[in-house]
Every structure is written in structure tokens, then in C-alpha cells.
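A short reminder: the numbers here are calculations on the coordinates, not readings from a lab. Since we're looking at a predicted model, the values are computed, not measured. Positions of Cβ are backbone-derived with ideal geometry, glycine not excepted, and every protein chain shown enters the neighbour counts.
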Amino acid sequence: MDFIRRRRGHAAHKRNTIRCATYGRVSASRQKKSGDLQRQLALLKQYSREKGYNVIKTYCDVGSGLNDNRKGLVRMLRDASNGKFDLLIINYNDRLARFGLRIIKEYLHSWGVKLEVLHPTIVDDSPHAELITDLTAILCSCMGKLFRLRRK
């Protein structure tokens, strides 16, 4: 009987553990080759372990944060809507999206999924901070395109 109680307690403890997913993204395949993506994912995994979260799935993409049709992002959003995890962890806001982050946050929230950002780039929610972040994203995107054109 004591064994059964211990097993039930163990199962209850498992259910109380937060199920989380991690998402990482790099812009270029050379960043993936250099190990940037793996380092990003390793940091997320380590952070999750330290917090006691149960990592259910890791999603990743190689592509622009402006592209909203990334396979990893779409899979993650689909799994969120199917209740596969309770928390999504990312390193920086722009890893998830350069623009439209508020919409993604609202979508996740509507399915009961919280978003945790290890290193938030927008510290306050003022319109000025958001505008500066958007302008920076535009500049980064344009600079990336300019560098790619120069290489060719």
C-alpha cells in the first residue's frame, strides 16, 4: 500500500512540473554551421533545467525573423494550440520574430502558454521603447540585405 501511495505521489509531482518548449533561430546557415544555433539551444536547455522545467520539445529555424512562414515557428504555434506545453522560452525577443511579437504573444496567451524571454530587449512596454526596437529591427534587416548584396 505504501508503494502505491509513493507511485501516485510521484505521478502527481510529474503533473505539477511545468511543461516547456524552447525556440531558437539564426538568420543564416553560416551561423548554424558556426554553432550559434546549438549554443543558443544549449543555453535554453540549461536555463530550463535550472528552473526545474520539463522540456517537451525544442523548435528551431534558420531564416529571417521577418519571415513568418518558418517551419519551426509554425510547428511551435500548432503545438501550442494543441496544449503540448505550458511555457515557451526564448533567448531574445527577436529570435521569435522581428515584427509582430505582440500578436504571437497574444496567440500563445490565448492557448494558456506563457512566454519567457531570457534577455528581453524591450525592458518597458512604452510606445517609445517599442518604436526604437522596431526601428532597430528594420536597420538590422536592411544591413543584412546590403551585406548579402556586397558578397555577390
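Assorted remarks:
- Added length on full extension, which subtracts the Cα-Cα distance from 0.36 nm per residue, Ala28 to Lys152: 43.1 nm
- Ser64 sits among other residues whose Cβ lies under 10 Å from its own Cβ, and their net charge, with Lys and Arg +1 and Asp and Glu -1, is +2.
- The range 22-104: C-alpha gyration tensor shape, a/c 1.5 cut-off, then a/b vs b/c: oblate
- Ascending count of other beta-carbon atoms within 10 Å, so fewest first, for Glu106, Glu130: Glu106, Glu130
- What the Cβ-Cβ distance of Lys57 and Ser141 gives, at R0 = 22 Å and to the nearest 0.05, is a FRET efficiency of 0.20.
- Amide H partners (placed H, <5 Å) of Arg25, local residues excluded: Asp61
- Karplus-based coupling profile of the range 31-36, in residue order and whole Hz: 5, 5, 5, 7, x, 4, with θ = phi - 60° in 6.51 cos²θ - 1.76 cosθ + 1.60 and x standing for Gly or Pro.
- In order through the range 63-71: 3J(HN,Hα) via Karplus (6.51 cos²θ - 1.76 cosθ + 1.60), integer Hz, x for Gly, Pro: x, 5, x, 7, 7, 8, 10, 7, 4
- Once the Cα gyration tensor of the chain is diagonalised, semi-axes √(5λ) in Å: 34, 18, 13
- Sum of -39500 (n - 2.57) over DSSP H runs of 4+, divided by residues of the chain (222 nm, nearest 500): -17500 deg cm²/dmol
- Cross-link pairs Lys57/Lys145; Lys71/Lys114; Lys114/Lys145; Lys45/Lys152; Lys45/Lys105; Lys51/Lys145 - those with Cα-Cα distance over 30 Å: Lys57/Lys145; Lys114/Lys145; Lys45/Lys152; Lys51/Lys145
- Using a cutoff of 8 angstrom between alpha carbon atoms and counting only pairs six or more residues apart, the relative contact order for the range 23-139 works out to 25 percent.
- Amide H to amide H, with H built 1.01 Å from N, Leu115 comes under 5 Å of Leu88, counting only residues 5 or more places away or on other chains.
- Result for the chain in a Gaussian network model with C-alpha springs under 10 Å: among Ile89, Ile104, Ile132, the largest mean-square fluctuation is at Ile132.
- Highest-first arrangement of 139-148, 62-71, 49-58, where packing means the average Cβ count within 10 Å: 62-71, 49-58, 139-148
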